[in-house]
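**Q** Below is the structure I would like to discuss, written out as structure tokens.
Each value in this text was obtained by applying a stated rule to the coordinates, not by laboratory testing. Keep in mind it's a predicted model, so treat the numbers as computed, not measured. Every residue, glycine as well, gets a Cβ built from its backbone with ideal geometry; the counts of neighbours run over all protein chains shown.
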Amino acid sequence: MTQTLKEAPSVSLKQTKLMSMVEATANVLIGYAIATAATYVILPMHGYDVTTQKALSISLAFTGISLARSYILRRFFNRL
């Protein structure tokens, strides 16, 4: 006895540009907190003197790059 699966109706699950930005921003803000902590801990392990100000600044630069990357990739895959 063979069973066949019913096909699910085709539903478009496209994400709006605003929601892409909201998702990317939430993702990056969480990443920023993790990156700041990691910068503050990891760089001294490699001989760098890191103050809180430096850790925040370094993390902010990488956060901006990450936000742009995340948004661009989301929009690219949304077009597929």
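**Q** To the nearest 10 degrees, how steep is helix 17-45 against the longest Cα principal axis of the chain, on a 0 to 90 scale?
**A** 40 degrees
**Q** Quick one: angle between helix 52-79 and the longest Cα principal axis of the chain, in degrees between 0 and 90, rounded to 10, please.
**A** On a 0 to 90 degree scale, this one is about 20.
**Q** Along its three principal axes, how long is the chain when you only count alpha carbons? Whole Å, largest extent first please.
**A** Here the spans come out as 68, 35, 16 Å, largest first.
**Q** Now for a different question. What FRET efficiency do you get for residue 46 and residue 25 if R0 is 25 Å and r is their Cβ-Cβ distance, rounded to the nearest 0.05? Write out the running numbers ahead of the final one.
**A** Details: r = 30 Å, r/R0 = 1.20.
That pair, residue 46 with residue 25, gives E of 0.25.
**Q** Same structure again: In terms of modelled amide H atoms, which long-range or inter-chain residues lie less than 5 Å from the amide H of residue 15?
**A** none
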